[in-house]
Amino acid sequence: MQTLQVALGERSYPIHIGSGVLSNHELFFPHIRQKKVVVVSNTTVAPLYLDLLRSTLEKAGISVLPVILPDGEQYKTWETLNLIFDALLGNHCERSTTLIALGGGVIGDMGGFAAACYQRGMPFIQVPTTLLSLVDSSVGGKTAINHPLGKNMIGAFYQPKLVMADISTLATLPERELKAGLAEVIKYGLIRDPEFFVWLENNLDKLLGRDEEALIYAVHRSCANKAEVVAADERETGERALLNLGHTFGHAIETGLGYGEWLHGEAVAAGTLIAAELSCSLGWLSREALLRVETIFVQAGLPVRGAPLGAARYLELMRHDKKVQDGKMRLVLLRDIGKAVVSDEASEAQMAEAIDARCT
Ligand code: NAD
Ligand code: GLY
């Protein structure tokens, strides 16, 4: 097992990474204050991992109250969030009761948001079970639900007390979901870690083949990158925005097509290619680098072209992006592989051109 720390002063927390960490009750014990915890999961993940988590916690004398939600991005809503509050109130959960989110990014984001709101904040623990949530969403404290007008628009920054990153859960993850998670892994190479990008170019097949050592390396390196960024800029006033490479275009795809149609990682992959295309047309990214970006996403089995919504619709949806400032759209663009910037320099006409080039 390897442990990373997210350094946020008194709100710092560990990320335990390894195969089988979920069986180790001693890792949970110091972070749980009551003899009862709430585990928020969904109808797919609970049958796979709830019993394991329950038996681990029982070894520490802790009982589990499960809250099982419907599965899917389309359920990341107020209505579903309320099911969590119903269960918390109905079972007399207290402010010091711990909420454990067991699942992918949807469960992590909703469980975290519920924890942030319930009695103005209860402790919570992330137990990510998808590649995407292992490398990204479980770390850093962004929690949210979707709104019909925009993705992740209602939420809070609320840090977990602990992240238990058990790689062995990936054994049951569907192929398409594994590939979607790779989009966020590749992102770290592109925005700030060029050596990792080269490692990924050489080892993507191992990750696709679920080689345990390669997965642990990729999860560890991704989380190390994320932990550094979050420690430096928890509330996204600067560097953290770079973690949104491809997301402005990607969120437009997800919202435009209806949540759940494309997976988040798929939309991010296509969005990253649109951002790279735009970076190239601005003269910032070389054609060779653009080709390397395209090649690695193709190798990962991810889309390199966006949904054909039309540039006008993309731009309309992108105006709801959280990076918009004073009505001006800001995008994460690439100067090179391993070097991203946030910029408002691209005009809407240039954005439309890149969208048209990548989305028809
Ligand atoms: P997801 O949570 O929908 O999980 C994908 C699918 O895999 C679901 O059907 C789920 O039930 C299933 N699943 C989960 N673990 C499994 C396992 N071990 N075995 C078999 N099936 C399993 O999707 P995701 O890709 O994990 O997360 C996407 C969400 O994360 C989006 O809503 C996105 O906005 C959010 N996100 C948040 C952040 C953040 O910083 N908070 C970062 C990136 C993405
Ligand atoms: N996934 C983007 C962030 O955590 O900031």
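The values are calculated or read from the model by the stated rules, or taken from the named source; none is laboratory data. This one's a predicted model, so the numbers in the text were calculated from it and none came from an experiment. Note that we place each Cβ from the backbone using ideal geometry, even for glycine, and neighbour counts take in every protein chain shown. In case anyone asks, the SASA skips ligands and DNA or RNA and just uses the protein heavy atoms, side chains included. Shrake-Rupley method; radii C 1.70, N 1.55, O 1.52, S 1.80 Å.
Laid out as a table, the results:
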item	result
Residues located in the range 151-164, provided they are more than 15 Å from ligand 2 (Cβ to nearest atom) and open to solvent by less than 10 Å² (accessible area, probe 1.4 Å)	L162, M164
In the range 29-81, the residues that are surrounded by fewer than 14 Cβ atoms within 10 Å (Cβ to Cβ) and closer than 15 Å to F113 by Cβ	W78, E79
Residues being over 19 Å from V6 (Cβ atoms), in a strand (DSSP E or B) and either more than 9 Å from ligand 1 (Cβ to nearest atom) or of a type in the set (A, V, I, L, M) (or both) - total across the range 144-159	5
Members of the range 129-143 that are assigned to a helix (DSSP H, G or I), polar (S, T, N, Q) and more than 9 Å from ligand 2 (Cβ to nearest atom)	S133
Options G260, G265, G250; residue that is under 16 Å from A354 (Cβ atoms) and under 17 Å from the mean Cα position of the chain (by Cα)	G250
So A183, is it within 16 Å of ligand 2 (Cβ to nearest atom) and in a strand (DSSP E or B)	no
Test set (1) within 19 Å of the chain's Cα centre (by Cα); (2) more than 16 Å from ligand 2 (Cβ to nearest atom); (3) open to solvent by less than 70 Å² (accessible area, probe 1.4 Å) - A101 fails condition number	(2)
Residue within the range 85-94 that is small (G, A, S) and within 12 Å of ligand 1 (Cβ to nearest atom) present	no
3 or more residues open to solvent by 30 Å² or more (accessible area, probe 1.4 Å) and farther than 25 Å from A144 by Cα: qualifying helices (runs of 4 or more DSSP H) within the range 236-314	287-299
Test: residue in the range 315-338 that is β-branched (V, I, T), closer than 14 Å to L245 by Cα and open to solvent by 10 Å² or more (accessible area, probe 1.4 Å)	yes
Selection within the range 191-235 - within 12 Å of ligand 2 (Cβ to nearest atom), open to solvent by 20 Å² or more (accessible area, probe 1.4 Å) and basic (K, R)	R235
Residue check, E266 away from ligand 1 (no atom under 14 Å from the Cβ) and at pLDDT 95 or above	no
